[in-house]
Each structure stands twice: as C-alpha cells, then as structure tokens.
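Down below is the structure, laid out as structure tokens.
The values are calculated or read from the model by the stated rules, or taken from the named source; none is laboratory data. Note that the structure is a prediction, hence the values are computed from the model and not measured. Virtual Cβ from ideal backbone geometry, glycine too; neighbours counted across all protein chains shown.
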Ligand code: 1HN
C-alpha cells in the first residue's frame with residue numbers, strides 16, 4: 001500500500017543539513033509557514049485633511065517646483081512604509097498660482113482627483129485637461145504629463161498611482177520631456193465631448209487599442225448627477241451603497257489596467273454590510289462624514305480625509321449624518337482580476 005513516509009533521524013543531522021542548505025542559498029519549503037489566507041502588511045489607516053492640508057501648504061513655503069519635481073507628500077501606511085496601501089500610492093500634491101510642474105513620463109499609471117482650486121490644468125500627451133475640484137483626470141502609464149496653475153488660488157489634489165506594484169514587478173522606467181512643458185493642443189482636451197455622449201461613440205474611428213480609457217477627464221458634476229439619479233431608484237450594493245465605476249467608454253472596462261476608480265453615495269444614516277476582497281482600496285471623502293469599520297477598527301472620516309483599507313480586511317461603511325456622503329476610491333481590482341487573483345467574501349454575520 002502506498003502511504004506517506006516517516007523517516008528516523010537525529011535533530012543534529014537535520015540541523016547540520018539546514019546549515020549546509022543555507023550556505024548553498026537553498027531553503028526547505030516544509031519549514032516555511034504557509035498561511036491559509038492573506039494578511040496584509042498594510043494596516044487600516046486614516047489621514048485627516050485637518051492634519052494634511054497645513055503640512056502640504058508648508059511644503060509650498062519651503063520648496064519650489066524647481067527643487068521638488070513634484071511637490072508631493074506621500075501618505076505612508078505604517079505597515080508598508082511605501083504608499084497608502086500595499087499596491088497603491090495616494091499622495092497630496094500642491095501647485096501654487098503661477099507655477100508649472102515639469103513634463104515627464106513614467107511607467108507608473110497615475111490619476112488626479114482634484115480637491116481644491118479654481119482652474120489649472122494637466123497636459124496629458126498634448127491634451128490640456130482642466131482640473132476642477134471633484135474631477136478625475138487620468139495620466140496613463142508612459143503618457144507625458146505636466147501641471148500648471150493659471151489661477152489665483154493654490155491647487156491641491158490627490159495623486160493615485162500604482163507605484164508599489166511597479167516597484168514589486170520591477171518595471172519602473174521614467175524619462176524627462178525634452179522641454180520644460182509640452183506644447184499643449186489648442187483648447188481643452190476634447191475626449192469629454194468625443195466619448196461622454198451617453199453610450200454613443202464616433203463610428204468613423206477604429207476602437208482605440210490602448211489598455212486605458214481614451215477619455216482623460218471625468219467631471220464630478222456628471223458623477224454626482226448619476227449617483228443622485230440612481231440613489232432615487234435603486235438600493236445599490238449591500239456593501240457600498242450606490243457605487244459607480246469610472247469606465248473606459250469604448251470597452252466598459254476599468255480606466256487603467258492596474259487601477260480601478262469608483263465613486264459611491266451612502267445615504268443619510270446608511271450602514272452597509274461588511275465584506276472583504278483581495279483588492280486594497282484608498283478612499284477620499286468628497287463630502288459628508290461617518291466612519292468605516294475595518295477588521296473591527298473604527299476609522300472616523302470627514303470631508304477630504306483619505307483612508308486605506310487593506311486587502312482581505314472586512315469593512316463596512318456608516319454615514320453618521322442625515323445627508324448623503326460621497327466617497328471616491330481607487331483600487332487594484334483590475335490588476336488582480338487580470339491575474340485571476342480577485343476574490344470577494346461577505347461577512348458571515350452581515351456586519352462586524
Ligand atoms: C508623479 O509623476 C506625480 O506627475 C505625482 O504629478 C506623484 C509619485 C511617484 C512617482 C511619480 C505627478 C508621483 C509621481
């Protein structure tokens with residue numbers, strides 16, 4: 001009969017064997033702990049705007065955009081020491097009136113969610129994208145981008161990037177544009193007027209073959225109108241309330257292959273059910289206040305705060321006011337789905 005084997009040896013023999021393996025840069029797999037499920041190094045965390053804003057503004061007093069190619073504070077998760085979440089960066093950037101921020105490109109895919117300001121713009125591959133608070137602007141992997149503030153007030157925004165993933169995959173390239181800034185096309189980015197026509201697409205054009213959305217800018221005005229329309233007629237998700245994904249209008253897929261973007265509305269008093277998924281999430285509070293319970297830990301949030309929910313951590317959201325709360329979020333769902341590693345699970349008792 002075939003069966004599992006059992007071998008007699010002394011502990012000294014085994015110890016000597018392990019020591020010899022170490023010299024050869026070999027490891028016995030049977031001594032390595034193999035967890036049943038993931039446990040993120042990242043911890044549940046919230047950065048409050050009341051602490052962030054003054055520190056970002058202080059950076060603008062101390063360093064110019066000549067010295068700091070990007071005047072950015074990196075929200076650093078105490079568990080990972082690089083980025084707000086395991087695969088994602090969520091940073092705050094400030095650009096003062098009259099400043100430009102030099103053009104460059106990198107393999108990191110990036111997005112901006114505008115927090116404060118009047119106008120100002122990012123030029124993405126020659127397309128001038130206005131930046132208005134609440135708007136989402138995409139700078140896909142390897143696209144040239146520079147920023148400028150032509151208004152009379154500071155601009156602050158949330159930078160979302162797939163930096164830690166790029167580091168881990170060791171695929172980081174970067175390059176400076178030959179000039180300070182790109183020559184922008186006449187007028188503003190026209191991708192909004194080309195692609196945001198309620199499901200209608202230019203039929204004379206071959207479908208873009210890029211892995212990212214051909215639409216670079218998603219105004220808050222449209223997102224909010226859609227959220228409010230749907231909140232009036234649907235329950236939405238058990239776990240997220242009325243939640244919408246920003247999509248590539250041509251494929252219906254995510255905005256970029258490594259980062260998925262969402263916006264959600266939690267009704268006044270809404271308390272969602274808890275679930276967990278292998279993807280990690282960074283939330284930015286567009287409006288409202290409440291808290292999110294993450295693996296039993298209560299993260300209180302208010303307008304403009306940023307919170308990090310690690311992968312495979314149970315989480316549920318609570319809107320503690322009687323008015324709607326709106327959350328923007330970025331996740332690594334597309335990357336994990338593409339690799340077949342996306343999983344989701346409801347909490348066994350509904351809530352934590
Ligand atoms: C970057 O290029 C920007 O273009 C912001 O504004 C943050 C963080 C890491 C690497 C590149 C930007 C960044 C970044």
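Just checking, does region 279-302 include any residue being within 30 Å of residue 202 (Cα to Cα), in contact with a strand residue (DSSP E or B) (Cβ under 6 Å, 6 or more places away or on another chain) and crowded, with 20+ Cβ neighbours inside 10 Å?
Among the residues of region 279-302, not one is within 30 Å of residue 202 (Cα to Cα), in contact with a strand residue (DSSP E or B) (Cβ under 6 Å, 6 or more places away or on another chain) and crowded, with 20+ Cβ neighbours inside 10 Å, which makes the answer no.
Mind counting the residues in region 191-223 that are at pLDDT below 90 and in contact with a strand residue (DSSP E or B) (Cβ under 6 Å, 6 or more places away or on another chain)?
Residues flagged as at pLDDT below 90 and in contact with a strand residue (DSSP E or B) (Cβ under 6 Å, 6 or more places away or on another chain) within region 191-223 amount to 1.
Looking only at region 297-312, which residues are outside any loop (DSSP other than H, G, I, E, B) and under 14 Å from residue 277 (Cβ atoms)?
309, the sole residue that qualifies.
Taking residue 115 and the conditions (1) under 17 Å from the mean Cα position of the chain (by Cα); (2) within 13 Å of the ligand (Cβ to nearest atom); (3) surrounded by 20 or more Cβ atoms within 10 Å (Cβ to Cβ); (4) outside any loop (DSSP other than H, G, I, E, B), which numbered condition does it fall short on, given that it satisfies the others?
The one condition residue 115 does not meet is (2).
Hey, can you tell me all the residues within region 151-173 that are surrounded by 14 or more Cβ atoms within 10 Å (Cβ to Cβ) and more than 19 Å from residue 281 (Cβ to Cβ)?
Once the filter is applied, which keeps residues that are surrounded by 14 or more Cβ atoms within 10 Å (Cβ to Cβ) and more than 19 Å from residue 281 (Cβ to Cβ), region 151-173 yields 151, 154, 155, 156, 167.
For region 316-346, which residues satisfy the criterion of being within 17 Å of residue 40 (Cβ to Cβ) and in contact (Cβ under 8 Å) with a residue 60 or more places away in the chain?
Across region 316-346, the qualifying residues are 329, 330, 331, 332, 333, 335, 341, 342, 343, 344, 345.
Would you pick out the residues in region 125-136 that are in contact with a helix residue (DSSP H, G or I) (Cβ under 8 Å, 6 or more places away or on another chain) and assigned to a loop (DSSP other than H, G, I, E, B)?
Across region 125-136, the qualifying residues are 132, 133, 134, 135.
Filter region 96-109 down to residues that are within 9 Å of the ligand (Cβ to nearest atom) and in contact with a helix residue (DSSP H, G or I) (Cβ under 9 Å, 6 or more places away or on another chain), then give me how many there are.
Total satisfying the criteria: 2.
Does region 230-243 contain any residue that is surrounded by 17 or more Cβ atoms within 10 Å (Cβ to Cβ), closer than 30 Å to residue 346 by Cα and under 16 Å from the mean Cα position of the chain (by Cα)?
yes
Are any residues in region 313-341 part of a loop (DSSP other than H, G, I, E, B) and within 16 Å of the chain's Cα centre (by Cα), and if so, which ones?
332
Could you list all residues from region 121-136 that are surrounded by fewer than 23 Cβ atoms within 10 Å (Cβ to Cβ) and either within 12 Å of the ligand (Cβ to nearest atom) or over 21 Å from residue 222 (Cβ atoms) (or both)?
125, 126
Could you list all residues from region 76-95 that are touching a strand residue (DSSP E or B) at 6+ places or on another chain (Cβ under 6 Å) and away from the ligand (no atom under 12 Å from the Cβ)? Walk me through how you get there before you give the answer.
Filtering region 76-95 for residues touching a strand residue (DSSP E or B) at 6+ places or on another chain (Cβ under 6 Å) gives 77, 83-85, 88-95.
Answer for region 76-95, where residues must be touching a strand residue (DSSP E or B) at 6+ places or on another chain (Cβ under 6 Å) and away from the ligand (no atom under 12 Å from the Cβ): 77, 85.
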